[in-house]
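Read through the structure below, which is laid out as structure tokens, and then see the notes.
The values are calculated or read from the model by the stated rules, or taken from the named source; none is laboratory data. This structure is a prediction, so every number in the text was calculated from the model and none was measured. Because the Cβ atoms are built from the backbone with ideal geometry, glycine has one as well, and the counts that use them run over all protein chains shown.
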Amino acid sequence: MKRSTPHGPLGFTLLEVLVALTIIAVALAAAFRAATLGIEGAQLLRTRSLALWVAQNRVALAQLRDPWPEPGEDGGTASQGGVDFLWREVVTATPNPDLRKIEVAVSQPVMPDYAQSRLTAYLSRTSAR
């Protein structure tokens, strides 16, 4: 006569299998969360890099501008890498009449008050010619 054991054919009870599945589910949830955070971080880094390039382009255009940029504010839109951005630049005079300070803030249209990138540069009168 065969004795019955509390274990199934593989030697595990139902409770042991359920505990193991719970541990695996928690580990998989943590792995998916980590992967999601990594993807979101990469997307944010891409957007900020593109916004910085827009700001650098605005400064480069200001250096090439003729006539010399007057103090004031300007704004507009730009596209970089298939992403649309809003830019705002402020040109201010400095104590040196041959220098201008330019500040460029770049944001996305969905969040115009949140600057993805800010860049401050100084332009010399000789760079405008």
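Here are some notes:
- Criterion violated by GLY76 - all others in (1) within 16 Å of ALA51 (Cβ to Cβ); (2) surrounded by 12 or more Cβ atoms within 10 Å (Cβ to Cβ); (3) modelled with pLDDT of 95 or more satisfied: (2)
- Meets criteria (within 30 Å of LYS101 (Cα to Cα) and at pLDDT 95 or above) for LEU50: yes
- Qualifying positions in the range 65-94 - polar (S, T, N, Q) and over 25 Å from LEU45 (Cα atoms): THR92, THR94
- Checking ALA93, ALA55 one by one, the residue that is farther than 16 Å from GLN116 by Cα, of a type in the set (A, V, I, L, M, F, W, C) and in contact with a strand residue (DSSP E or B) (Cβ under 9 Å, 6 or more places away or on another chain) is ALA93 and no other.
- Positions within the range 92-129 being outside any strand (DSSP E or B), over 22 Å from LEU64 (Cα atoms) and in contact with a Phe, Trp or Tyr (Cβ under 8 Å, 6 or more places away or on another chain), in sequence order: PRO109
- Residue in the range 76-86 that is in a helix (DSSP H, G or I) and of a type in the set (A, V, I, L, M) present: no
- Residue satisfying condition, being outside any helix (DSSP H, G or I), exposed (fewer than 11 other Cβ atoms within 10 Å of the Cβ) and modelled with pLDDT under 95, within set PRO69, PRO6: PRO6
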